[in-house]
Ligand SMILES: Cc1ncc(COP(=O)(O)O)c(C=O)c1O
């Protein structure tokens with residue numbers, strides 16, 4: 001007998017949420033679009049109740065080993081005791097000052113100590129704000145306007161960067177506008193390249209360098225199944241940027257403090273001119289940082305020839321306290337060793353189970369952020385198009401469904417990674433996860449196991465929308 005997925009209360013609440021929140025959520029990325037339990041034609045999500053260590057509980061009382069980790073920020077474990085304790089103590093002293101505070105100074109010094117390219121620091125709240133201000137500084141520094149980004153890389157939800165983050169794999173449109181409401185004229189300020197193609201980016205810089213202010217890249221594709229850079233690729237980007245007077249920005253919002261204490265730039269040994277950090281910096285509290293070379297960073301400030309950056313909640317003492325406490329734990333390289341050993345075992349175990357079921361696959365990425373891809377073209381996953389045109393999405397969604405019945409939570413879409421944290425390693429979650437994975441793959445491959453699709457109660461009968469049911473086509 002297959003275990004039933006009981007998410008009845010979640011679905012009742014979601015039904016309610018649809019009436020007061022567009023799509024039933026506060027962030028589009030939370031909607032699962034291919035999940036087998038979602039009501040037909042209705043992307044949905046479940047309701048969380050609480051999370052601790054490596055586990056998350058939903059409102060129906062299900063407990064899951066959590067590999068989503070809030071889309072990556074939780075590097076130590078949910079509610080890590082030293083972080084929670086220090087934040088609660090700090091909260092009693094006030095939550096916002098709009099003045100400098102000493103915490104800001106000490107966390108800045110820590111970042112400069114840990115991150116190779118960091119000579120100066122500015123804090124903001126989200127990854128979106130950090131990349132937005134970094135590209136502004138790069139434009140001011142170079143006096144040029146165009147930003148080069150890569151297909152399948154995500155840098156935040158604003159008009160300059162919401163292009164070709166997740167386009168239909170067969171579209172020829174580039175840059176591809178990902179949302180209605182983005183002015184078409186911005187197309188002239190962004191160029192989209194294929195990642196890991198040495199010649200193409202070099203030719204683009206050679207031809208257009210007089211217009212190009214910056215290249216922004218995720219050093220590991222954390223929003224496209226953890227695609228790794230080809231050997232020498234990041235170094236190549238740095239070299240051509242130096243040659244053509246272009247600022248190289250590493251968006252380390254996902255890789256920062258996750259793949260290494262100095263980020264991907266330390267892991268791969270390549271220094272960008274600027275970088276952005278967020279997520280794992282504070283184990284889940286809202287803070288981000290823009291760091292980089294002094295000459296560029298010094299442009300931030302008031303005045304006619306300066307760059308504006310700021311925000312009411314920038315460097316608030318609670319987030320800084322969380323960052324300070326998290327970085328104190330991450331100073332210890334043993335933390336990374338534990339996560340790496342755990343992640344490697346998990347990666348190998350998953351590969352073995354897939355091989356055992358004769359599913360051709362590649363398990364790629366870093367032990368702290370990786371993904372499995374069921375594909376029979378295992379040697380070629382080096383960019384977004386190769387990923388999207390070569391993997392079996394349906395199998396992934398089925399496995400995700402059955403994993404939930406076995407108490408393991410993944411995102412429904414393999415563009416997100418498996419994220420691992422210290423609590424996964426210390427709470428002995430490896431065997432239960434691999435056992436659950438083996439059972440889930442077996443059920444996904446066998447049609448005798450029936451999945452339950454939930455119905456929405458108390459709402460109008462859902463009808464199939466015209467065209468693409470899940471994503472309104474952006475006019476590109
Ligand atoms: C690489 C990268 N950059 C920027 C962002 C935007 O961060 P935020 O959601 O905090 O605005 C994200 C979000 O996932 C990200 O993955």
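Residues considered: 398, 352. Of these, the only one that is at negative phi, without any contact (Cβ under 8 Å) to a residue 12 or more places away in the chain and outside any loop (DSSP other than H, G, I, E, B) is 352.
With the condition kept exactly as written, say whether any residue in region 121-135 is in the same structural domain as residue 271 (by TED's automatic domain parsing), surrounded by fewer than 20 Cβ atoms within 10 Å (Cβ to Cβ), modelled with pLDDT of 95 or more and away from the ligand (no atom under 16 Å from the Cβ). No, region 121-135 has no match at all. Checking each residue in region 177-231 for being closer than 24 Å to residue 269 by Cβ and over 23 Å from the mean Cα position of the chain (by Cα) picks out 198, 199, 200, 201, 202, 205.
The conditions of being assigned by TED's automatic domain parsing to the domain that holds residue 319, at pLDDT 95 or above and touching a strand residue (DSSP E or B) at 6+ places or on another chain (Cβ under 6 Å) are not met by residue 88.
The condition (being farther than 27 Å from residue 140 by Cα and buried (at least 19 other Cβ atoms within 10 Å of the Cβ)) is satisfied by just one residue among 296, 350: 350. The set of residues in region 316-337 that are surrounded by 18 or more Cβ atoms within 10 Å (Cβ to Cβ) and over 20 Å from residue 84 (Cβ atoms) contains only 336.
Of all residues in region 202-228, those that are touching a helix residue (DSSP H, G or I) at 6+ places or on another chain (Cβ under 7 Å) and within 16 Å of the ligand (Cβ to nearest atom) total 9. Of everything listed in (1) farther than 26 Å from residue 26 by Cα; (2) part of a loop (DSSP other than H, G, I, E, B), the single unmet condition for residue 138 is (2). Among the residues making up region 261-282, a single one is at positive phi and away from the ligand (no atom under 14 Å from the Cβ): 269. Within this structure, residue 240 fails the test of being buried (at least 24 other Cβ atoms within 10 Å of the Cβ) and outside any loop (DSSP other than H, G, I, E, B). Screening residue 173 against (1) more than 14 Å from the ligand (Cβ to nearest atom); (2) closer than 21 Å to residue 226 by Cβ leaves a single unmet condition, (2).
Does residue 368 satisfy the criteria of being on the phi < 0 side of the Ramachandran plot, within 16 Å of the ligand (Cβ to nearest atom) and touching a helix residue (DSSP H, G or I) at 6+ places or on another chain (Cβ under 9 Å)? It is true that residue 368 is on the phi < 0 side of the Ramachandran plot, within 16 Å of the ligand (Cβ to nearest atom) and touching a helix residue (DSSP H, G or I) at 6+ places or on another chain (Cβ under 9 Å). Going through (1) part of a loop (DSSP other than H, G, I, E, B); (2) within 16 Å of the ligand (Cβ to nearest atom); (3) closer than 26 Å to residue 226 by Cβ one by one, residue 159 falls short only on (3). Only one of these conditions is not met by residue 379: (1) within 18 Å of the chain's Cα centre (by Cα); (2) over 20 Å from residue 218 (Cβ atoms). Which number is it? Evaluating residue 379 over (1) within 18 Å of the chain's Cα centre (by Cα); (2) over 20 Å from residue 218 (Cβ atoms) leaves (1) as the failure.
The values are calculated or read from the model by the stated rules, or taken from the named source; none is laboratory data. Computed from a predicted model, the values in this text were never measured in an experiment. Neighbour counts run over all protein chains shown; Cβ positions are idealised from the backbone, glycine included.
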